[in-house]
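Encoded as structure tokens, the structure appears first; notes follow it.
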Amino acid sequence: MKISVIGSGYVGLVTGACLADVGNHVLCVDVDENKIARLQRGEIPIHEPGLDAVVARCQAAGRLQFSTRYDDAVEHAEMVFIAVGTPSDEDGSADLRHVLAAASELGRRMTRDTVVVVKSTVPVGTNDRVREVLRDELAARGTTVRAPVASNPEFLKEGFAIEDFMRPDRIIVGVERGDSATQEAFRRLYAPFNRNQDRLQFMDVRSAEFTKYAANCMLAVRISFMNELANLAERLGVDIEQVRHGIGADPRIGPHFLYAGAGFGGSCFPKDLRALIHTAQEAGEPAELMRAAQDVNARQRRVLARKIIDFFGGDARGRTVALWGLAFKANTDDVREASSIAIVDDLLQAGARVRAYDPAALDTAARALAGREGVTFVRSAPEALEGADVLAVATEWLEFRSPDFAALARTLKARALFDGRNLYDPAAVREAGLAYHGIGRVG
């Protein structure tokens with residue numbers, strides 16, 4: 001099929017590359033001329049494992065191209081995906097200007113029937129607005145072109161996006177009732193991903209829009225609940241890791257997203273919580289559980305810094321903290337709402353200095369923390385330890401999983417390790433001569 005994707009950010013680029021990799025001819029369009037120029041040169045503007053190889057392979061085969069022109073997108077495609085950003089407004093609502101602008105640009109140019117697919121994460125009712133914009137633009141031109149609108153939310157985990165797209169656990173598609181032609185178009189498009197099992201789930205458009213938010217907010221609530229349990233466990237002398245194994249064995253609960261830590265971040269969970277809370281407020285529902293999850297996470301992102309400051313008796317002035325991990329999770333360079341940012345800010349405010357390292361997120365973190373005095377970004381984990389009193393681990397990168405604890409004990413002046421992701425066995429750390437401070441850990 002011939003597919004155009006509007007927006008070449010995280011979702012748009014992964015979607016376009018993966019659809020091209022199974023034989024479709026894909027054109028990715030973005031108004032950012034610098035980004036498109038980089039992509040045309042084969043440079044990937046985001047860190048996502050495996051994405052560079054897929055893009056290079058599809059570019060070389062002529063199945064993946066890039067442009068800044070909406071005219072090219074319309075001329076090329078029988079199906080156009082809108083995958084532009086929907087950042088939070090000040091009131092927490094999703095900013096839909098880019099989505100509606102894309103719909104308007106498409107409506108001004110369409111000359112043949114084209115399926116318009118909203119891939120961006122959008123609140124319930126957005127597809128109706130997109131449909132109205134397209135209808136108005138087409139009517140203004142006096143054309144009879146059809147532009148059915150469908151919702152096809154993404155469920156991609158940063159760091160695992162290629163795997164998630166190529167081997168999805170479900171493919172949600174919202175179409176208008178009775179639109180069998182659009183359903184058939186999606187069946188053809190996603191046939192390569194359904195060879196072993198039909199993962200396509202068709203539903204009405206509003207339900208599809210809501211499903212995306214419901215999934216992310218449920219996971220966010222689950223993480224915050226575990227973090228709240230971990231904080232209580234710590235006060236009661238309970239090891240949350242043992243509790244995690246115990247409750248995760250219950251098939252009604254399962255083992256996923258039960259890890260206590262220093263709070264969640266990234267581009268999805270915080271933003272989608274805010275958006276669904278705003279939607280609930282407009283609909284007259286209190287959304288108390290989601291608000292509580294949001295509040296718990298805001299506190300949790302500051303737990304590790306508080307532990308460090310308390311370790312120094314409430315006075316961290318003149319102390320140096322080595323920080324391993326800046327990205328909100330491993331295998332990405334994304335630091336949006338990462339706990340590391342809150343940790344650095346709190347430590348600096350307490351008068352400490354920070355030596356920070358991350359395998360992928362040094363540049364993005366440097367931009368996010370621009371202007372802060374007292375933080376130094378270094379190029380290796382050992383370099384971060386130079387002159388440090390203690391070590392804090394904020395991201396579960398693979399290279400941090402098995403450090404030499406005895407060497408750390410010889411290097412760190414105050415001989416303490418703060419484990420913000422519960423990566424380590426407390427007993428092994430203490431046997432090496434280090435004080436261990438995790439999230440809800442004892443022993």
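Per residue, the solvent-accessible area of region 244-386 (1.4 Å probe, heavy atoms of protein chains only, all protein chains present) comes to 46 Å². Going by accessible surface with a 1.4 Å probe and the largest first, 63, 206 read 206, 63.
Against the longest principal axis of the chain, how steep is helix 180-190, in degrees 0 to 90 to the nearest 10, with axes from Cα atoms? So the helix axis and the longest Cα principal axis differ by about 50 degrees. For region 1-64, the carbon plus sulfur part of the accessible surface works out to 48%, probe radius 1.4 Å. When the pairs 2/271; 271/329; 307/413 are compared against a 23 Å limit on Cα-Cα distance, 2/271 fall above it. With axes computed from alpha carbons, what is the tilt in degrees of helix 269-283 against the longest principal axis of the chain, rounded to the nearest 10 within 0 to 90? That works out to roughly 60 degrees. The helix-only estimate of mean residue ellipticity at 222 nm for the chain, built from DSSP H runs of length n ≥ 4 each weighted as -39500 (n - 2.57), is -13000 deg cm²/dmol after division by the residue total. Per residue, the solvent-accessible area of region 61-188 (1.4 Å probe, heavy atoms of protein chains only, all protein chains present) comes to 44 Å². Heavy-atom surface analysis with a 1.4 Å probe gives region 102-173 a carbon and sulfur content of 46 percent of its accessible area.
Loop-located trypsin sites (Lys or Arg not before Pro) across region 267-344 with a Cβ neighbour count of 12 or fewer within 10 Å are 317, with loop assigned by DSSP.
Using the Kirkwood radius over C-alpha pairs as Rh, can you work out the diffusion coefficient of the chain via Stokes-Einstein at 37 °C, viscosity 0.692 mPa s, in µm² per second? Translational D for this selection: 140 µm²/s.
Measuring nothing but protein heavy atoms, the accessible surface of region 184-321 at 1.4 Å probe radius is 53 percent carbon and sulfur. Rounded to whole numbers, the Karplus 3J(HN,Hα) couplings from phi for region 340-346 are 4, 5, 5, 4, 4, 4, 5 Hz, using 6.51 cos²θ - 1.76 cosθ + 1.60 with θ = phi - 60°, and x at Gly and Pro. For the chain, the longest principal axis of the alpha carbon atoms and the long axis of helix 126-140 meet at an angle near 30°.
The values are calculated or read from the model by the stated rules, or taken from the named source; none is laboratory data. Predicted, not measured: the structure shown is a model, and the values here were computed from it. Here the Cβ is made from the backbone with ideal geometry for all residues, glycine too, and neighbour counts use every protein chain on show. For accessibility, only protein heavy atoms count, side chains too; no ligands or nucleic acids. Shrake-Rupley method; radii C 1.70, N 1.55, O 1.52, S 1.80 Å.
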